[in-house]
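Engineer: I have a structure here, written as structure tokens, and I will follow up with some questions on it.
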Amino acid sequence: MRTKFALAFFVVLAAAVASAQTLTRYEYPSEGFRASFPSKPELQKQNVPTDAGTFELRAYLVESGESAIFVGICDYGAATSGRDAATILDGAYKGAISNVHAHLVGELRWITLQGNRGLAFEAENDTMHFSARIYYVGTSLYQTLTAAPLKTPYAKNAEFLDSFELIKRTN
């Protein structure tokens with residue numbers, strides 16, 4: 001009986017510690033954003049093919065347990081000149097869903113951030129749940145995303161997504 005009680009106490013304590021994990025604000029003036037992460041994000045770069053050409057995606061990523069927290073920036077430059085923000089956002093949403101072999105859960109919502117258009121959505125594949133917000137700012141696409149195992153949402157999902165802000169971009 002004592003062992004079961006001790007085990008139950010440990011599980012509750014571990015869950016409390018995990019949910020109490022604080023987020024710290026990190027600022028990236030050269031990228032034009034700040035956001036709160038559970039630890040300093042790792043920068044990863046990758047070339048991503050799109051219908052407008054291939055572009056570098058700079059991803060700021062933190063893995064937290066079985067979850068991942070991500071801010072991605074892709075600068076399109078002149079390649080998106082004259083294209084409607086809604087078309088670009090729709091293409092980014094469809095590409096994101098396709099890349100992780102997921103389907104939309106709930107509704108796709110149009111949002112704004114500091115006067116810039118965006119989309120918010122929830123999606124799932126066989127193993128993961130994704131919460132995302134994407135914004136088109138000037139000629140750049142900003143993506144914020146959390147990924148967590150099904151039925152185990154990332155505890156700080158809303159806090160992370162709500163922490164994303166645009167700041168003056170420096171070069």
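Engineer: How do 129, 101 rank by accessible surface area computed with a 1.4 Å probe, from largest to smallest?
Structural biologist: Reading off the accessible areas and sorting them downward yields 101, 129.
Engineer: Suppose every Lys and Arg Cβ carries +1 and every Asp and Glu Cβ carries -1, with no other charges. What dipole size does the chain come out with about its Cα centre, to the nearest 20 debye?
Structural biologist: Dipole of the chain, to the nearest 20 debye: 440 debye.
Engineer: Run lengths n ≥ 4 of DSSP H only: what is the helix-derived mean residue ellipticity at 222 nm for the chain, with -39500 (n - 2.57) per run over all residues, to the nearest 500?
Structural biologist: -7500 deg cm²/dmol
Engineer: Given 0.36 nm per residue, what is the gain on full extension from residue 105 to residue 139 after removing their alpha carbon distance, in nm?
Structural biologist: 9.4 nm
Engineer: Evaluate E = 1/(1 + (r/R0)^6) for residue 127 and residue 81, where r is the Cβ-Cβ distance and R0 equals 45 Å; express this FRET efficiency to the nearest 0.05.
Structural biologist: In this case the efficiency is close to 0.70.
Engineer: Please work out the ratio of the alpha-carbon Rg of segment 61-162 to 2.2 N^0.38 Å and round it to two decimals.
Structural biologist: Normalised Rg, Cα atoms only: 1.07.
Engineer: Given a cut-off of under 8 Å on Cα pairs at least six residues apart, what relative contact order in percent is computed for the chain?
Structural biologist: The normalised contact order for the chain reaches 23 percent.
Engineer: Could I ask something else about it? Which whole-angstrom value gives the distance between the alpha carbon centres of segment 63-122 and segment 128-143?
Structural biologist: 4 Å
Engineer: Relative to a virtual label point 7 Å from the Cα of residue 150 in the Cα→beta-carbon direction, which members of segment 101-141 show backbone nitrogen distances below 15 Å?
Structural biologist: 101-106, 123-130
Engineer: Right, next: Rounded to the nearest 5, what % of the DSSP beta bridges within segment 26-171 are antiparallel ones?
Structural biologist: Taking every DSSP beta bridge within segment 26-171, about 100 percent pair in antiparallel fashion.
Engineer: A follow-up question, please. Under the √(5λ) rule applied to the eigenvalues of the Cα gyration tensor, what semi-axes describe the equivalent ellipsoid of the chain? Give them in Å, descending.
Structural biologist: 33, 18, 13
Engineer: Assuming a strict under-24 Å limit between Cα atoms, what lysine pair count do you get for the chain once near-sequence pairs (fewer than 8 apart, same chain) are dropped?
Structural biologist: Count of close lysine pairs: 5.
Engineer: Take the Cα radius of gyration of segment 102-167 and divide it by 2.2 N^0.38 Å, with N its residue count; two decimals is plenty.
Structural biologist: Cα-based Rg divided by the globular estimate yields 1.14.
Engineer: Okay, moving on. Apply the Karplus curve 6.51 cos²θ - 1.76 cosθ + 1.60, θ = phi - 60°, to the phi angles in segment 117-129 and return the couplings in whole Hz, x for Gly and Pro.
Structural biologist: Calculated HN-Hα couplings, in order: 6, x, 10, 10, 7, 10, 9, 9, 10, 5, 10, 10, 10 Hz.
The values are calculated or read from the model by the stated rules, or taken from the named source; none is laboratory data. What you are looking at is a predicted structure, and each value in this text was computed from that prediction instead of being measured. Reconstructed Cβ throughout: ideal geometry from the backbone, glycine too, with neighbour counts over all protein chains shown. Ligands, DNA and RNA are excluded from the accessible area calculation, which covers all protein heavy atoms including side chains. Shrake-Rupley method; radii C 1.70, N 1.55, O 1.52, S 1.80 Å.
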